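Report on the following structure.
The values are calculated or read from the model by the stated rules, or taken from the named source; none is laboratory data. Here the structure is a predicted model, which means the values were calculated and not measured. Reconstructed Cβ throughout: ideal geometry from the backbone, glycine too, with neighbour counts over all protein chains shown. Quick note on the areas: whole protein, heavy atoms, side chains included, nothing else; ligands and nucleic acids left out. Shrake-Rupley method; radii C 1.70, N 1.55, O 1.52, S 1.80 Å.
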Amino acid sequence: MFFFIALTATFAYALQGVLMAKVYRQSDLLSAVAYRGLSLLISMSPLLLLVPLSAYSGFINHAGWLVLAAGLAALANWANAIAFVRLSVGIASALSMAFTALFVGLLGELLLDERLSPLQWLMAGLTLLAVLLLGASQTRTNTKSSESAAQYKPLIGIVASACYGALMSCALILVAKMSRDSHPFLVGFSWEVMIGVVAMLMAFARGKLSGQAGMQKVTAAQFKQILIFASPTVIGTGCYALAMTLGPLAIAAAVLSTMMVFSMLLGWWLLAEKPTLKQWAMISLVCISVIGLKLVV
């Protein structure tokens, strides 16, 4: 059941990522991240019906950690949106997931005293090598439209994916801790909505402090599209938060790493971003090395 729930979360996250890539490529990125989170206030609210009333009483004690996790995730999602614009969806997802796995391993060693074995460090090195080769395999021919080709900037995409991995790994550790201390659905709902609130505040602050555009306005039709495209997050976050209470975080992260495969397949189907044979080989190597990093001892 644990693996099924984690795998369901992985597919749902991949689907919403591919769908939201369409929005990111046509919108202000920070505003799109904000509207995504705010839309989840509507689509994720049914999860609260499954939360017992007793879970609400002590949840206020997690407010500080919740805001911190949401702030980290808001910055991470902003970086991920940049990666989705500058690279194809499959490549961006692969890089982001691989970097997340690497940073989770590093943080576990530095903060949680979870020492990695020599074999795990070897797998980490193979993962990083596979990630770099995968990033280098990105070509302009992966996208059909001239607009996508003009936005193609692989170096920026790789750096953005690394930033996503560093920030999201910290956020996931906090969410895992809160999910085990409280109800996972309540934590997942609050975290996703708070991400939208934090991103909205960041957009307004950007407009006030830098003279750039603040929060981009959207029409009702555009918000409805974001609501629909982001809605698989309900299943993704709900199942992932639940999985982190049923089994080890490392195994849940290993399963989540396979999101890159779903993203590449969905990107091929929905966005016409056909991967090359070389990229299939690299994506397979990344998957094997990331799972190996989490499972070897």
Next on the checklist: Which residue is surrounded by the most Cβ atoms within 10 Å (Cβ to Cβ), if the candidates are limited to the range 19-63 and must be farther than 21 Å from Val234 by Cα and polar (S, T, N, Q)?
Outcome noted: Ser27
Checklist entry - Hey, any hits in the range 244-252 for a residue that's at pLDDT 85 or above, surrounded by 20 or more Cβ atoms within 10 Å (Cβ to Cβ) and closer than 29 Å to Arg180 by Cα? => result no
Item to check | Test for Ala199: is it outside any loop (DSSP other than H, G, I, E, B), modelled with pLDDT under 90 and surrounded by 19 or more Cβ atoms within 10 Å (Cβ to Cβ) | outcome: yes
Next on the checklist: Leu38 - would you say it is farther than 20 Å from Ala70 by Cα and among the aliphatic types (A, V, I, L, M)?
Outcome noted: no
Checklist outcome for this item: Those residues of the range 227-239 that are part of a helix (DSSP H, G or I) and open to solvent by 10 Å² or more (accessible area, probe 1.4 Å) come to a total of 6
Checklist entry - Take the residues of the range 205-224 that are modelled with pLDDT under 80 and either of a type in the set (A, V, I, L, M) or surrounded by 12 or more Cβ atoms within 10 Å (Cβ to Cβ) (or both): which is farthest from Gly71 (Cα to Cα)? => result Ala213
Next on the checklist: If the requirement is being hydrophobic (A, V, I, L, M, F, W, C), open to solvent by less than 20 Å² (accessible area, probe 1.4 Å), assigned to a helix (DSSP H, G or I) and modelled with pLDDT of 90 or more, which of these qualifies: Ala74, Ala70, Ala83?
Outcome noted: Ala70
